[in-house]
Amino acid sequence: MNQTKINKYSRSVSIVGVSCTPFMNTLDNPETAGLTEGEMFGYAALKAMEDAGVEPKDVDYYFHGEASPLNGSNYITPNVQVANWFGMKGKGSMHHSEACCTGYLALEIAANAVASGKYDCVLTGAVEFGDAVPTPSESVEQPKHPYKRDKMTMDKFLKTTSWIYDKTYARPLMAPMELIYDDCAEDYVRTRGITPEQMDDTLNHMAINNRHNAVHNPLAITHEEFEDIAKEKGFDDVMDYMRSPYNPKSGDFLRMEGIERKCDGAAACIVIATEKIPELCKNLRHKPIEIIGIGSAACEASTPHFEINATKEAIRQVYELTGKSGDDLDIFFANDFIITSHLYAAELAGYLPYGEGWKYICDGRTAFDGDKPINTNGGRTSFGHAHAASGLADVYECCMQMRGECGEHQVKKLPKTAMLRGYGGSQNVAAIMLETVDDFEPSKEPAKESNLKLEKVVQTYYEGLEQGKLLGRKCKRCGAVEFPPVYACNTCGSDDTEWVELSGKAVMKSIVLPAPLSSKPEYKERMGKYAYGVIETEEGAEFNGVVIGISKKTRPELLDKLPLPVHAKIIDRDGGFKTVVYELDEQ
């Protein structure tokens, strides 16, 4: 296998702001059913900026991660669709997708962008609806409802996971797609000399430890200890429950509680040149977390022991760069959508001793209240797995632990040095090393009260149309109106906005007639003659819209009269929702 020598960054790069939504099954709760990608990503982005003490104008560029944007969001350019939500309209961006490793590599590309000197401050975020797909969900080609979703069935999920494997060889060979589940467990049993029964107990204890961590984490998807579940089912011993048909084997070693809980979520962080913190971060109230190195490797799934070998290489790179070893680590994270990952990765990193890690796990020492904490947020099996967002959720948790801000699940010893082993996508691996910037003096000024909340703006807008209302969001700071409505003001960057009903009065500032490429039968059937153009509402918002009543014959005369007074008209669209078009006032 090839090896890479990585070099030090050209300048120090630090994480100064982090955020994470709750990981959840949005469709299972009326309060969250109807949330969209823009709302989830936008909320995470704005909260990360708030944590960093920066505003959208201070952020030079943003990176957007999503593991399966076409299937999960019906986008192929998802980065472009979210900028308005967090006040960064017009700023440069890029999308990336590395399946379950997306959120870890999100930190690498952000660090590289800042370390190069091109940008001083960037946002990197990720969002995933792992449990819900746009309605209707039969195929990606169907036109979608603006905010409604259907459950991601397990059958559909398993079919789409095949997309991470090479279709020319790996899928036909079959084994590469299936070894992901039990390869590490089989290798550990064979090379460490433990019995299959001991491995079974170890896998169960990993699930128990993850759940213990999640129970104390308000952002986690699960909040019930396995001990309590066991008692409810009539078991006196939790291990009897974990070995029972309530936790069936799904493979040679793996049981169901050792597999990810797919869900929905978003996370983000602000990465900045350390030297620029005093200039850009207003009243930073915590120590920055420096990114001291990131090792990376990738092995396509027909490679024997692809996770193990790629993890070894990524860790080798970052240890060689930093001169550190497992003895320097105070906390460890591993993307354990297959739970064996966190045992194997921790041993490869030297965080747990070779061949002895299973004992640490079975003794509870890797829980948040043990001396070798791993996945203190609950890991993929109990915190949840919103595929692309999970890596940055781990970055959030890690930074909060290093800042001592994790409340009930804060580890005993404040971590100074951490490793996060990212993994996913058949199979990308990252080994991220973080270290607290000790010589920084945080501001003692109290935090400003935030009015931002994870709110269903899109659904409220469409419900307003059903009631004959045209709703926008007005900035409380500068008075600008955002239409269509989003969280943040793209004029001044403030996220303190409120609902306002628009008058419906506007002007049309340009006229473009539909042509074969830009015309659809539905449009003509519902609207007759029409044109596209720039609309400016009476409240000052500009957007591209439709004005009905304009034809090729009338356009020349109307062009001379621009801007044309128009008024809003609410109409039905195919798909069971309404939209707004405009009519000429003179008609």
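The values are calculated or read from the model by the stated rules, or taken from the named source; none is laboratory data. These numbers come from a predicted model, not from an experiment. When we count neighbours, we look across all protein chains shown, and the Cβ atoms used for this are built from the backbone with ideal geometry, even at glycine. Please note that ligands, DNA and RNA were not included when accessible areas were found on the heavy atoms of the full protein model with its side chains. Shrake-Rupley method; radii C 1.70, N 1.55, O 1.52, S 1.80 Å.
A few remarks follow.
- Taken as a whole, the stretch 13-26 holds no residue that is within 19 Å of Val486 (Cβ to Cβ), among the aliphatic types (A, V, I, L, M) and out of contact with any Phe, Trp or Tyr (no Cβ under 6 Å at 6 or more places or on another chain).
Residue-by-condition table, conditions (1) small (Gly, Ala, Ser); (2) outside the structural domain of Gln427 (by the TED database):
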{"residue": "Ala99", "(1), (2)": "yes, no"}
{"residue": "Ala106", "(1), (2)": "yes, no"}
{"residue": "Ala126", "(1), (2)": "yes, no"}
{"residue": "Pro146", "(1), (2)": "no, no"}
{"residue": "Trp163", "(1), (2)": "no, no"}
{"residue": "Ala185", "(1), (2)": "yes, yes"}
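- Listed here are the helices (runs of 4 or more DSSP H) enclosed by the stretch 270-371 that have at least 3 residues being assigned by the TED database to the domain that holds His387 and hydroxyl-bearing (Ser, Thr, Tyr): 306-322, 340-348.
- In the set Ala132, Ala170, Ala115, Ala110, only one residue is closer than 19 Å to Ser426 by Cβ and of a type in the set (A, V, I, L, M); that residue is Ala170.
- Residues in the stretch 148-165 that are more than 30 Å from Glu31 (Cα to Cα) and surrounded by fewer than 18 Cβ atoms within 10 Å (Cβ to Cβ): Ser162, Trp163.
- From the list Glu66, Glu37, the one residue that fits, being of a type in the set (Asp, Glu), modelled with pLDDT of 95 or more, open to solvent by 10 Å² or more (accessible area, probe 1.4 Å) and in contact with a Ser or Thr (Cβ under 8 Å, 6 or more places away or on another chain), is Glu37.
- Considering the stretch 334-390, the residues that are in contact with a His (Cβ under 6 Å, 6 or more places away or on another chain) and surrounded by fewer than 24 Cβ atoms within 10 Å (Cβ to Cβ) include one that is modelled with the highest pLDDT, namely Cys362.
- Residue satisfying all of: in the stretch 529-561; closer than 27 Å to Ala488 by Cα and among the small types (Gly, Ala, Ser); surrounded by the fewest Cβ atoms within 10 Å (Cβ to Cβ) among these: Gly540
- The residues listed here are Gly125, Gly130, Gly117, Gly103; of these, the one that is open to solvent by 20 Å² or more (accessible area, probe 1.4 Å) and in contact (Cβ under 8 Å) with a residue 24 or more places away in the chain is Gly117.
So that you can scan it fast, the table gives a plain yes or no per residue for (1) out of contact with any helix residue (DSSP H, G or I) (no Cβ under 7 Å at 6 or more places or on another chain); (2) of a type in the set (D, E, K, R); (3) in a loop (DSSP other than H, G, I, E, B):
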position: Thr124; (1), (2), (3): no, no, no
position: His145; (1), (2), (3): yes, no, yes
position: Asp155; (1), (2), (3): yes, yes, no
position: Lys159; (1), (2), (3): yes, yes, no
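- Qualifying residue in the stretch 560-567 (condition: closer than 26 Å to Lys148 by Cβ and in contact with a strand residue (DSSP E or B) (Cβ under 6 Å, 6 or more places away or on another chain)): no
- Taken over the stretch 363-422, the criterion of being more than 26 Å from Val437 (Cβ to Cβ) and under 21 Å from the mean Cα position of the chain (by Cα) is satisfied by Gly378, Gly379, Arg380, Thr381, Ser382, Phe383, Gly384, His385, Ala386, His387, Ala388.
- Which numbered condition Ser426 misses (of (1) part of a loop (DSSP other than H, G, I, E, B); (2) surrounded by fewer than 24 Cβ atoms within 10 Å (Cβ to Cβ); (3) in the same structural domain as Val318 (by the TED database)): (2)
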